[in-house]
């Protein structure tokens, strides 16, 4: 292995010409100056090599073929490097002296500047915090107001709607009761007035009213007799039932009812068990729908007009 120059990265062998040049320089300067034995001292100084750390040489390639960089420290240092090393040692010796030096005292101006800067910084931070708090408070207040307003509006609307419905319901019921009460009072007054009016009219026009009703009833009965022949049959049966155990009877009817009574007289035997004989004859004095019944002991006449007169007479007597 050959020696190398520390100023270069790659290895350069020391040739014989270099050694001859070194010897020529030494022989030429023999008379002028003393030889620089320090240069040889760098090569052969035992203490220098003893202090150097030992190097372990490893194979460039191991089993895993991983390459490791091996740095070779040069055995010979030139003058420049020696000079740099001496300066470095001197600097290391001077450095503790600088560390031991005390820091210069601040001038009043520097001290005042520092104190003012610290005070101003403190006040600035406080002022900035106050301004930031104020801005944040206003912004938060505005946002909170918007949210609170929306939420409050929703809640208020809901509660107002419920209260409004309740109030409206109560008001509507109250108004309805009042209107119904007014209507009932008015109706009651009207009924009272009508009762008084009716009483007055009945009292004043009672006879005329009864007469009018009687005429209407006569006309209604007469119209019914003309279209319903069974009326005369019912009149005969009602008259027979007023007699006590009738046996032989003579039945007088109007000319219009003769044929019909002659045809249905067998039904009288079914209704009256005591009958043994019924003779039918026509009588112009008998009104249509009426009859006369003669037995050995009784005489009975019956007609619708007579019955109506009896009814109206009873009504008059009841009113009196």
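The values are calculated or read from the model by the stated rules, or taken from the named source; none is laboratory data. Computed from a prediction, not measured in an experiment: that's the story for all the values here. With ideal geometry, Cβ positions are generated from the backbone for all residues, glycine too; neighbour counts draw on all protein chains shown.
Looking at 227, 231 in this structure, which one is closer than 17 Å to residue 289 by Cβ and surrounded by fewer than 10 Cβ atoms within 10 Å (Cβ to Cβ)?
227
Name the helices (runs of 4 or more DSSP H) wholly within region 229-278 that hold at least 1 residues that are assigned by TED's automatic domain parsing to the domain that holds residue 290, under 17 Å from residue 299 (Cβ atoms) and touching a helix residue (DSSP H, G or I) at 6+ places or on another chain (Cβ under 7 Å)?
On the way: elements: 230-241, 258-264, 266-271.
The qualifying helices (runs of 4 or more DSSP H) are 230-241.
One residue is enough: does region 185-208 have a residue meeting the conditions surrounded by 10 or more Cβ atoms within 10 Å (Cβ to Cβ), in contact (Cβ under 8 Å) with a residue 40 or more places away in the chain and part of a helix (DSSP H, G or I)?
yes
Hey, among the residues in region 256-289 that are within 27 Å of residue 214 (Cα to Cα) and in contact with a strand residue (DSSP E or B) (Cβ under 6 Å, 6 or more places away or on another chain), which one's surrounded by the most Cβ atoms within 10 Å (Cβ to Cβ)?
286
Residues of region 290-319 being out of contact with any strand residue (DSSP E or B) (no Cβ under 8 Å at 6 or more places or on another chain), more than 18 Å from residue 221 (Cα to Cα) and without any contact (Cβ under 8 Å) to a residue 24 or more places away in the chain, which ones?
Correct list: 297, 314, 317, 318.
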